[in-house]
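Heads up, the thing below is written out as structure tokens.
The values are calculated or read from the model by the stated rules, or taken from the named source; none is laboratory data. Quick caveat: nothing in here was measured; it's all calculated off a predicted structure. As a convention, Cβ positions derive from the backbone with ideal geometry for all residues, glycine included, and neighbour counts pool all protein chains shown. Accessible surface is based on the protein model in full, side chains and every heavy atom, while ligands, DNA and RNA are left aside. Shrake-Rupley method; radii C 1.70, N 1.55, O 1.52, S 1.80 Å.
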Amino acid sequence: MAGPRLAHSTLRQEIIAIARRMNALGVNQGKSGNVSHRIADGFLVTPTGMAYDTLKPADVVAMGFDGSYRGARLPSSEWRVHRDILAARPEANAVIHTHAMFATTLACLGREIPAFHYMVAVAGGDSVRCAPYATFGTEELSRYAVEALEGRKACLLANHGMIAIGATLEATLALAVEVETLAAMYWRALQVGEPHLLDDAEMARVLEKFRTYGQQALATPRVVSPPTLDEAAPSPRRVRRHARASFRRARRR
Ligand SMILES: [Zn+2]
């Protein structure tokens, strides 16, 4: 006899797919990262200590904001970070935490990612902050992470890794990839010299542009007039005729 239908089955599958992709994309190491998504009465989070390839929808843990959880699996040891961020940031639905190579390398040096490249604005500010170190899984780490994320969508965690948040799992994974790319570029630039930083006025300009960047689908539709006869694509017959004529001209030369 089949048991009761698993709640949030599709979302659980999406969480597993995102967890697998963050490793395939090289923004996480082994099973050290974790993924969560908000649900009506709490959030879903990846379980602790399980390889993503083995995860089934029922392994994803449903948790309440009071820390209670349902199901056979223990939640990620970083569930507090996920809970506290989702509680503090109502606009965010997804949280991804990874131990990405270059982001973590900078975090181990206690370095933030400054405005060395305009794309730093993708995380919502003129830097990607680095939260102070605290033991993994602690309330202290969670508090530092929430503070480092204030007004931002990503941060580094000293001697640990990085966090990205967003409205959807897909957007959050894309941001994690972007932050890791920036970390890798910054790290490379540091090998050669001291990167030139963009000033506050320029980053303010970029942040303003980013507020509307990539939102053309939401823009008011514009009426585009159909092309006139001259602008219209030539007929295949006309294209063939033109090709034959230029071939003949080339032969005469
Ligand atoms: Zn971690």
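In plain terms, if you count all Cα to Cα distances in segment 99-158 and split them into 5 Å steps from zero, the share in each step is 4, 22, 27, 28, 14, 4, 1 percent.
Calculate, in nm to one decimal, what Met119 and Ser77 gain on full extension: separation in residues at 0.36 nm each, minus their alpha carbon distance.
Extra length available between Met119 and Ser77 comes to 12.0 nm.
In this label model, Lys209 and Ser9 are separated by 4.7 nm, measuring between points 7 Å along each Cα→Cβ vector.
Taking all protein chains as they are arranged and a probe of 1.4 Å, the heavy atoms of Lys153 leave approximately 90 Å² accessible to solvent. For segment 114-193, the solvent-accessible area works out to 39 Å² per residue, with a probe of 1.4 Å and every protein chain left in place.
Largest accessible area first, the listed residues Tyr52, Tyr144 line up as Tyr144, Tyr52 when surface is computed with a 1.4 Å probe on the assembled protein chains.
Taking every alpha-carbon pair under 8 Å whose residues sit at least 6 apart, segment 19-118 reaches a relative contact order of 30 percent. Legend: calculated FRET efficiency, Leu197 to Asp41, from the Cβ-Cβ distance at R0 = 51 Å, rounded to 0.05, equals 0.70. Share of pairwise Cα-Cα distances greater than 14 Å in segment 39-106 is 59 percent (whole percent). Considering only Gly124, Val60, Met101, the residue lying farthest towards the positive end of the dipole of segment 1-136 is Val60, judged by Cα position with unit charges set on Cβ.
In this simple spin-label approximation, Ala17 and Ala167 carry label points 7 Å from Cα along the Cα→Cβ vector, and these lie 1.9 nm apart.
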